[in-house]
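Down below is the structure, laid out as structure tokens.
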Amino acid sequence: MEPRETHEQRDRIQILDVREPAEWSAGHIEGAVHIPMSHLAARQQEIATDRTVVCVCRSGSRSEQVAQALTRAGYDAHNMEGGMKAWSRAGLPFISDDGTPARVA
């Protein structure tokens, strides 16, 4: 799924950010669920089963792996193409944890 499409559908989907905590803190999509890739098995109950899940990482590589694994497990899961780098290039809004200007780390 393209970043702009993800942004337009954000009220109907779950955005799942699988990056590490420092990456998330630097800048993330408001309303996204943050579960680092290495914690997915332990926190699987936080992943929506009643709507589409769009997985996000920095460039789209880790999130593609997660989206494929979730699809195999029966989720309606997709990768956000280009990750947060593409989101930022598209000029879409994102926030940091400390209120400083958000950035892709």
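Observations
- Listed by first and then second residue, the pairs with beta-carbon distance under 8 Å, at least 6 apart or on different chains, first residue in segment 25-44 and modelled with pLDDT of 95 or more, second among the aromatic types (Phe, Trp, Tyr) and open to solvent by less than 10 Å² (accessible area, probe 1.4 Å), are Ile29/Trp87.
- Only one of the numbered conditions (1) in contact with a strand residue (DSSP E or B) (Cβ under 8 Å, 6 or more places away or on another chain); (2) surrounded by 15 or more Cβ atoms within 10 Å (Cβ to Cβ); (3) more than 13 Å from Arg62 (Cβ to Cβ) is violated by Ile35, and that is (3).
- Remark: pairs (first residue in segment 60-78, of a type outside the set (D, E, K, R); second residue assigned to a helix (DSSP H, G or I) and surrounded by fewer than 19 Cβ atoms within 10 Å (Cβ to Cβ); Cβ separation under 7 Å; 6+ apart in sequence or on different chains) = Val66/Met37; Ala77/Thr71.
- Within segment 7-32, restricting attention to residues that are among the charged types (D, E, K, R) and touching a Pro at 6+ places or on another chain (Cβ under 8 Å), the residue that is least open to solvent (accessible area, probe 1.4 Å) is Arg19.
- Flag for Ala105 being assigned to a loop (DSSP other than H, G, I, E, B) and touching a residue at least 24 places away in the same chain (Cβ under 8 Å): yes
- Checked against (1) under 19 Å from Gln9 (Cβ atoms); (2) in contact with a strand residue (DSSP E or B) (Cβ under 6 Å, 6 or more places away or on another chain), Ala102 passes all but condition (1).
- Looking only at segment 58-88, and only at residues there that are touching a helix residue (DSSP H, G or I) at 6+ places or on another chain (Cβ under 8 Å) and charged (D, E, K, R), the one that is nearest to Arg4 (Cα to Cα): Glu81
- The residues of segment 40-81 that are in a helix (DSSP H, G or I) and surrounded by fewer than 13 Cβ atoms within 10 Å (Cβ to Cβ), listed by number, are Gln45, Ser61, Arg72.
The values are calculated or read from the model by the stated rules, or taken from the named source; none is laboratory data. The shown structure was predicted, so the numbers you read here are calculated from the model rather than taken from an experiment. So basically every Cβ, Gly included, is an ideal-geometry build from the backbone, and we count neighbours across all protein chains shown. Remember, those area values only see protein heavy atoms, side chains included, never the ligands or the DNA or RNA. Shrake-Rupley method; radii C 1.70, N 1.55, O 1.52, S 1.80 Å.
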